[in-house]
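Written below as structure tokens is the structure these notes are about.
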Amino acid sequence: MNDRSSADLIFVTELHRQLNDLLKQLSPERLQVLADFAGYLANAESEAATQELLEISGLLERVKQNQATPKTDCTNWKSLRNVL
């Protein structure tokens, strides 16, 4: 693990700890507000990721083409891995 991802993991772990401590102090009504807001943020992040994928030229067409490819024309990734 490189220094950047290690630092990120420590930061995220600390954020989780802080959030868990704060959650214990909230009333059920405030917990519901927080859950709604977290859902909103997760949805916004998902939408941004979807938009980023849709901006990749030809990606949707390639996915559709790959889905239409008969399974007999495909090679199991495990067998490819064993070749290396």
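The values are calculated or read from the model by the stated rules, or taken from the named source; none is laboratory data. Nothing here was measured: the structure is a model prediction, and the numbers come from that model. Please note: Cβ atoms are built from the backbone with ideal geometry, for glycine as well, and neighbour counts cover all protein chains shown. The protein model used for the area step is the full one, side chains on, heavy atoms only, and it has no ligands, DNA or RNA in it. Shrake-Rupley method; radii C 1.70, N 1.55, O 1.52, S 1.80 Å.
Structural remarks
- Neighbours by Cβ (under 9 Å, 6+ apart or cross-chain): first from region 62-84, at pLDDT 80 or above; second surrounded by 10 or more Cβ atoms within 10 Å (Cβ to Cβ): none
- Residues located in region 47-84, provided they are of a type in the set (Gly, Ala, Ser) and open to solvent by 100 Å² or more (accessible area, probe 1.4 Å): Ser57
- Taking every residue in region 8-24 that is closer than 16 Å to Ala38 by Cα and pairing it with any residue that is modelled with pLDDT under 95 and among the small types (Gly, Ala, Ser), at least 6 positions away or on another chain, yields no pair with a Cβ-Cβ distance below 8 Å.
- Taken together, the residues in region 17-46 that are under 17 Å from the mean Cα position of the chain (by Cα) and open to solvent by 100 Å² or more (accessible area, probe 1.4 Å) amount to 2.
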